[in-house]
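Asks: Here it is, the structure, as structure tokens.
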Amino acid sequence: MVGHGAGISSLAMSPCGRQLASGSVDGTICIWDIAEGRRMHLLKGHRGPVWALDYSNGLECSPILASGGADCTLRFWGSADEAASGGGLLKDGGQEAAAGDQQAGRSGSNIALLKTFTTKSIPVHSLRFSATNLLTATGALTLRQRANYG
């Protein structure tokens, strides 16, 4: 499967098991159709490596995809219809997605950036949705950041 401009740094399987998300060191996320082995979507928005990906639970093959990485952001991706209706599950907080953040897929459906949350200075290294769709995200301070926090 060819689709990223650099190495893969994270993977997540959709709840329905038909799609795989891959995050890359180049800041992109690809959504793959596993049965056909083709890229369905190329998502751009991160400004550094994408270190963490996870899908929400219980929404078949239209779940929310959470991504986090070196750019100190946590991003939520979902259907363009979800974005047009105001984010649905993500109504509170975060920054609204810019108009140019929709990514058309070859299947004709669209994936859009729903929300972006900034951690201010700590990269997101890991994230996981619980069975009830609560999201836990973790980061780590670099040696330089640790010195600044005393």
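The values are calculated or read from the model by the stated rules, or taken from the named source; none is laboratory data. Nothing here was measured: the structure is a model prediction, and the numbers come from that model. Don't worry about glycine lacking a Cβ; one is built from the backbone with ideal geometry, like all the others, and counts go over all protein chains shown. Quick note on the areas: whole protein, heavy atoms, side chains included, nothing else; ligands and nucleic acids left out. Shrake-Rupley method; radii C 1.70, N 1.55, O 1.52, S 1.80 Å.
Asks: Within the range 46-57, take every residue that is open to solvent by 20 Å² or more (accessible area, probe 1.4 Å), modelled with pLDDT of 90 or more and assigned to a loop (DSSP other than H, G, I, E, B) and give me the one that is farthest from Ala70 (Cα to Cα).
Replies: Out of the qualifying residues, it is Arg47.
Asks: Would you be able to say whether some residue in the range 78-89 is modelled with pLDDT of 90 or more and among the hydrophobic types (A, V, I, L, M, F, W, C)?
Replies: No: the range 78-89 contains no residue that is modelled with pLDDT of 90 or more and among the hydrophobic types (A, V, I, L, M, F, W, C).
Asks: Scan the range 25-45 and give yes if some residue there is open to solvent by less than 40 Å² (accessible area, probe 1.4 Å), touching a Pro at 6+ places or on another chain (Cβ under 9 Å) and at negative phi, otherwise no.
Replies: Within the range 25-45, not a single residue is open to solvent by less than 40 Å² (accessible area, probe 1.4 Å), touching a Pro at 6+ places or on another chain (Cβ under 9 Å) and at negative phi.
Asks: Quick check: is even one residue across the range 91-104 in a strand (DSSP E or B), modelled with pLDDT of 90 or more and open to solvent by less than 50 Å² (accessible area, probe 1.4 Å)?
Replies: no
Asks: Out of all the residues in the range 139-149, is one or more modelled with pLDDT of 55 or more, basic (Lys, Arg) and either within 15 Å of the chain's Cα centre (by Cα) or open to solvent by 50 Å² or more (accessible area, probe 1.4 Å) (or both)?
Replies: No, every residue in the range 139-149 fails to be modelled with pLDDT of 55 or more, basic (Lys, Arg) and either within 15 Å of the chain's Cα centre (by Cα) or open to solvent by 50 Å² or more (accessible area, probe 1.4 Å) (or both).
Asks: Select, from Ser22, Ser67, the only residue that is under 12 Å from the mean Cα position of the chain (by Cα), crowded, with 20+ Cβ neighbours inside 10 Å and either without any contact (Cβ under 8 Å) to a residue 24 or more places away in the chain or more than 14 Å from Lys115 (Cα to Cα) (or both).
Replies: Within the list Ser22, Ser67, the selection yields Ser22.
Asks: For the range 27-42, which positions are touching a Gly at 6+ places or on another chain (Cβ under 9 Å) and of a type in the set (A, V, I, L, M, F, W, C)?
Replies: Passing the criteria: Ile29, Cys30, Ile31, Trp32, Ile34, Met40, Leu42.
Asks: Let me ask another. Based on this model, can you work out whether Leu11 counts as within 16 Å of Pro63 (Cα to Cα), open to solvent by less than 30 Å² (accessible area, probe 1.4 Å), touching a residue at least 40 places away in the same chain (Cβ under 8 Å) and not hydroxyl-bearing (Ser, Thr, Tyr)?
Replies: no
Asks: Six or more apart or on different chains, Cβ under 6 Å: which pairs go from a residue in the range 108-134 that's on the phi > 0 side of the Ramachandran plot to one that's open to solvent by 50 Å² or more (accessible area, probe 1.4 Å)? Could you list them?
Replies: From the range 108-134, the pairs are Asn133/Asn57.
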